[in-house]
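The values are calculated or read from the model by the stated rules, or taken from the named source; none is laboratory data. No experiment lies behind these values; they were computed from the predicted model shown. Heads up, the Cβs are rebuilt from the backbone with ideal geometry, glycines too, and the neighbour counts pull from every protein chain shown.
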């Protein structure tokens, strides 16, 4: 992953019409039933031989956090936590790539309450796109209870546009994080935060570098 190839992919996405995603979205029969399945830890994703990432470790942009803060009145650390599954060691310092939605002691998103999402109207970009993601060969579809229903064309068009916006935003964020971290970024040393670690970490999110409690 280098800046040149990321910029090339951004350019490709910019010139891709989001309407080209609509047929696959319609074919999936997706209609969000707000079941909360994606808010809960249902399985783990193998990242490396040593790292497994919970299905609901939801990566979010600083802009997502600010939008939720504005709507809910919550503080930054009440909305988000450092991404403890994307860490590096730099001598005695723990460096973290980005933020994830805060989860409770049951490993459930803190905004999932009484059987539903309490921030649905201001949910993060990645949540708007779920269960769809951009893969190397086109749209990939994750598990979701809302699949196989009757998809609405208007909703499918909105999701297609959201997918394009999210992919471009994600790639732009990658570039800024690479620029922030420089030679400190070494994928070979990626690790999870030690379970009993209680010190400060430095979070690189593409906008700023934040020192905070893990």
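Summary of computed values
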quantity	calculated
Any hit, the stretch 179-200, residues being closer than 27 Å to residue 72 by Cα and modelled with pLDDT under 95	yes
Filter result for residue 53 (touching a strand residue (DSSP E or B) at 6+ places or on another chain (Cβ under 9 Å) and part of a loop (DSSP other than H, G, I, E, B))	no
Count - residues of the stretch 16-66 that are touching a helix residue (DSSP H, G or I) at 6+ places or on another chain (Cβ under 6 Å) and farther than 22 Å from residue 134 by Cβ	1
Test for residue 166: is it closer than 16 Å to residue 18 by Cα, within 16 Å of the chain's Cα centre (by Cα) and in contact (Cβ under 8 Å) with a residue 60 or more places away in the chain	no
All positions within the stretch 8-45 that are touching a residue at least 24 places away in the same chain (Cβ under 8 Å), outside any helix (DSSP H, G or I) and farther than 22 Å from residue 123 by Cα	16
Test: residue 209 is closer than 20 Å to residue 66 by Cβ, without any contact (Cβ under 8 Å) to a residue 40 or more places away in the chain and loosely packed, with under 15 Cβ neighbours inside 10 Å	yes
Residues within the stretch 86-106 that are over 16 Å from the mean Cα position of the chain (by Cα) and surrounded by 18 or more Cβ atoms within 10 Å (Cβ to Cβ), tallied	3
Some residue of the stretch 107-114 being at pLDDT 95 or above, more than 12 Å from the chain's Cα centre (by Cα) and in a helix (DSSP H, G or I)	no
Test result for residue 48, closer than 29 Å to residue 208 by Cα and either in a loop (DSSP other than H, G, I, E, B) or in contact (Cβ under 8 Å) with a residue 40 or more places away in the chain (or both)	yes
Strands (runs of 3 or more DSSP E) wholly inside the stretch 125-211 containing at least 1 residues that are in contact with a helix residue (DSSP H, G or I) (Cβ under 9 Å, 6 or more places away or on another chain) and over 26 Å from residue 49 (Cα atoms)	138-141
Test: residue in the stretch 62-80 that is closer than 24 Å to residue 138 by Cα and either modelled with pLDDT of 95 or more or part of a strand (DSSP E or B) (or both)	no
